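In what follows, a single structure is set out as structure tokens and then discussed.
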Amino acid sequence: MATTHIDQFEVMYSANTFAPRIWLIGAGKFLGQLIFFPNGKPLPADTKRSNGQVDIYYHLDDFENVHQLLETEKNAYLLFSGSGPGNENGILTAAEPAGSGIEISKAA
């Protein structure tokens with residue numbers, strides 16, 4: 001299970017046929033993107049491109065939750081285990097003590 005620290009993110013909410021996306025950046029490199037499809041539409045398999053960047057798919061219902069997590073957590077990581085069945089991909093936070101409160105980080 002490979003994880004990569006996310007230092008920055010950018011939101012791209014296009015006004016045309018492109019799905020909303022959140023671009024992930026770590027150590028000054030583009031790590032990949034989270035792509036949000038219409039609710040109820042089947043999601044494509046998550047993929048890792050030949051340049052190492054990943055595309056991870058969610059439904060639009062998940063956009064605000066994912067955005068909030070990236071906005072508030074100082075230690076967020078990209079998790080990519082692979083494209084096949086049984087592989088878990090997404091973003092996760094570092095372990096925190098219970099009851100530590102909401103962590104707020106300033107956008108760079």
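Just so you know, all these numbers are worked out from the coordinates, no wet-lab data involved. For clarity, every value in this text was computed on a predicted model and none was experimentally measured. So basically every Cβ, Gly included, is an ideal-geometry build from the backbone, and we count neighbours across all protein chains shown.
Tabulated data for the structure shown
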| read-out | value |
| --- | --- |
| Candidate set from segment 4-20 (those that are in a strand (DSSP E or B) and not β-branched (Val, Ile, Thr)); member that is surrounded by the most Cβ atoms within 10 Å (Cβ to Cβ) | 9 |
| Residue check, residue 80 touching a residue at least 40 places away in the same chain (Cβ under 8 Å), under 19 Å from residue 9 (Cβ atoms), touching a Pro at 6+ places or on another chain (Cβ under 8 Å) and not small (Gly, Ala, Ser) | no |
| Selection within segment 44-77 - under 17 Å from residue 10 (Cβ atoms) and either of a type in the set (Phe, Trp, Tyr) or in contact with a Cys (Cβ under 7 Å, 6 or more places away or on another chain) (or both) | 58, 63 |
| Test: residue in segment 55-66 that is in a loop (DSSP other than H, G, I, E, B) and among the β-branched types (Val, Ile, Thr) | no |
| The one condition in (1) buried (at least 16 other Cβ atoms within 10 Å of the Cβ); (2) of a type in the set (Gly, Ala, Ser); (3) at positive phi that residue 40 fails to fulfil | (1) |
| Residue check for residue 52: in contact with a Leu (Cβ under 9 Å, 6 or more places away or on another chain) and farther than 13 Å from residue 90 by Cα | yes |
| Boolean, residue 29 is basic (Lys, Arg), on the phi < 0 side of the Ramachandran plot and under 15 Å from the mean Cα position of the chain (by Cα) | yes |
| Residue in segment 21-54 that is nearest to residue 65 (Cα to Cα), counting only those that are among the hydrophobic types (A, V, I, L, M, F, W, C) and not in a strand (DSSP E or B) | 43 |
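Conditions (1) more than 22 Å from residue 17 (Cβ to Cβ); (2) loosely packed, with under 15 Cβ neighbours inside 10 Å, marked per residue:
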| position | (1), (2) |
| --- | --- |
| 56 | no, no |
| 73 | yes, no |
| 88 | yes, yes |
| 94 | yes, yes |
